[in-house]
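Please read the structure below before turning to the comments.
Since every read-out is calculated from the coordinates, none of them should be taken as a lab result. This one's a predicted model, so the numbers in the text were calculated from it and none came from an experiment. When we count neighbours, we look across all protein chains shown, and the Cβ atoms used for this are built from the backbone with ideal geometry, even at glycine.
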Amino acid sequence: MSHTTSLLTVTVTQPAYYAGEQPDETIAAFLSDCLDNAAHGSLIVLPEYANAGGLSDPGRELAALPRAEVMKSAAARAAKERGLYAAVNVLEERDGELHNSTYLYGKAGRAAFVYDKIHLPPSEIALGMKYGDGACVCDLDGIRFGFMTCYDVYYNEQIEYLAAQKPDIILVPGYQRGERTDIIRAQAALCAFRCNAYVLRSSYSMNDDGHGGCSMIVAPDGQILADMGKEVGCVSAEIDPMWKYLRPAGFGGGMVRNDDFIGQGLRPDVFSGT
């Protein structure tokens with residue numbers, strides 16, 4: 001695949017999951033510091049609930065709603081001052097309804113896209129969250145971004161949709177505090193491989209070594225370029241957003257995009273109505 005290479009530094013963040021007093025404030029301060037120190041011209045991704053992290057009580061989560069504007073403003077400011085892309089997920093009230101929203105800010109500091117989480121777990125349904133309408137792709141400065149949030153990664157329907165949209169980078173703010181680390185890694189690698197896109201996953205470090213954490217950067221061929229495991233902080237990699245994984249079109253065949261090789265064999269008609 002011939003194209004003009006333009007490398008991009010990408011960073012995923014991983015705060016500690018605090019169970020003590022005012023964990024949301026501590027996590028928000030940590031993430032704000034990550035934004036303020038992000039590399040100029042880079043892309044930085046924050047985890048799910050940047051304004052309400054570390055909370056499990058619905059009342060306290062709702063009390064953290066005003067901080068959504070603080071975190072969005074911090075991301076917009078960093079994007080403008082440092083000429084970077086910033087993706088921040090917040091629990092917010094918008095137009096009188098509760099949303100799980102991921103904002104992507106462009107280098108001018110303006111929101112280029114807002115993704116509302118499509119698949120909601122029982123806890124968010126009980127909170128009164130509004131389902132996203134399905135819009136999960138946007139183009140910005142020649143890069144096609146796809147979006148998934150936490151629980152979305154379990155649903156092949158969204159992965160297949162994204163694969164058809166041919167994204168270059170898929171942004172995945174996550175929580176997944178109770179999921180096994182091997183499953184988290186497999187989900188990210190398989191999503192990247194199927195969609196032929198980079199997957200940038202940002203989440204929380206947990207005390208349990210077998211669960212959670214694993215903020216990572218995955219290449220379109222499924223190779224994990226960086227994996228934070230249980231560490232706290234940020235990790236970066238330099239990528240070519242336009243690079244795609246090419247494979248033989250069957251044994252001895254010519255080289256084709258991996259997503260096209262898979263896509264041409266789809267048979268949704270066989271399974272419709274089942």
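What is the sum of charges around residue 144, taking Lys and Arg as +1, Asp and Glu as -1, for the other residues whose C-beta is under 9 Å from the C-beta of residue 144?
Every neighbour counted, the sum reads -1.
Quote the relative contact order of the chain in percent (integer), defining contacts as alpha-carbon pairs under 8 Å separated by 6+ residues.
So the answer I get is 18 percent.
Based on the mean of other Cβ atoms within 10 Å per residue, sort peptides 110-118, 241-249 so the most packed one is first.
110-118, 241-249
What is the sum of charges around residue 189, taking Lys and Arg as +1, Asp and Glu as -1, for the other residues whose C-beta is under 15 Å from the C-beta of residue 189?
Summing Lys and Arg as +1 and Asp and Glu as -1 gives -1.
Before rounding to the nearest 500, sum -39500 (n - 2.57) across all DSSP H runs of length at least 4 in the chain and divide by the residue total; then give [θ] at 222 nm in deg cm²/dmol.
The per-residue figure over the chain is -8000 deg cm²/dmol.
Taking other Cβ within 10 Å of each residue's Cβ, how do 206, 255 sort, fewest first?
255, 206
Using the count of nearby Cβ atoms within 10 Å as a rough guide to exposure, how do 90, 70 rank from fewest to most?
Ranked by crowding around the Cβ, least crowded first: 70, 90.
Which whole-number percentage describes the relative contact order of segment 128-234, with Cα contacts under 8 Å and a sequence gap of 6 or more?
21 percent
With a 10 Å Cβ neighbour count serving as the proxy for reagent exposure, in which order, fewest first, do 119, 40 appear?
By the 10 Å Cβ count, ascending: 40, 119.
Report for the chain the percent antiparallel among DSSP-assigned beta bridges with both residues inside it, nearest 5. Before the final figure, lay out each step's value.
Numbers: 35 of 51 bridges.
In the chain, approximately 70 percent of DSSP beta bridges are antiparallel ones.
Rounded to the nearest 5, what % of DSSP beta bridges with both residues in segment 80-237 are antiparallel?
75 percent
Let me know the volume per residue of the alpha-carbon convex hull for the chain, in Å³.
Residue-normalised Cα hull volume stands at 133 Å³.
Give me the one-decimal Kirkwood hydrodynamic radius in Å for segment 52-177, with the sum taken over alpha-carbon pairs.
15.1 Å
Please work out the C-alpha center-to-center distance from segment 111-181 to segment 13-27 and express it in whole Å.
For segment 111-181 versus segment 13-27, the Cα centre distance is 23 Å.
Using the Kyte-Doolittle scale, find the helices of the chain whose mean hydropathy is at least -0.5 and whose Cα atoms extend 18 Å or more along the helix's long axis, counting only whole DSSP H runs.
What comes out of the filter, once short or polar helices are dropped, is 23-36, 181-195.
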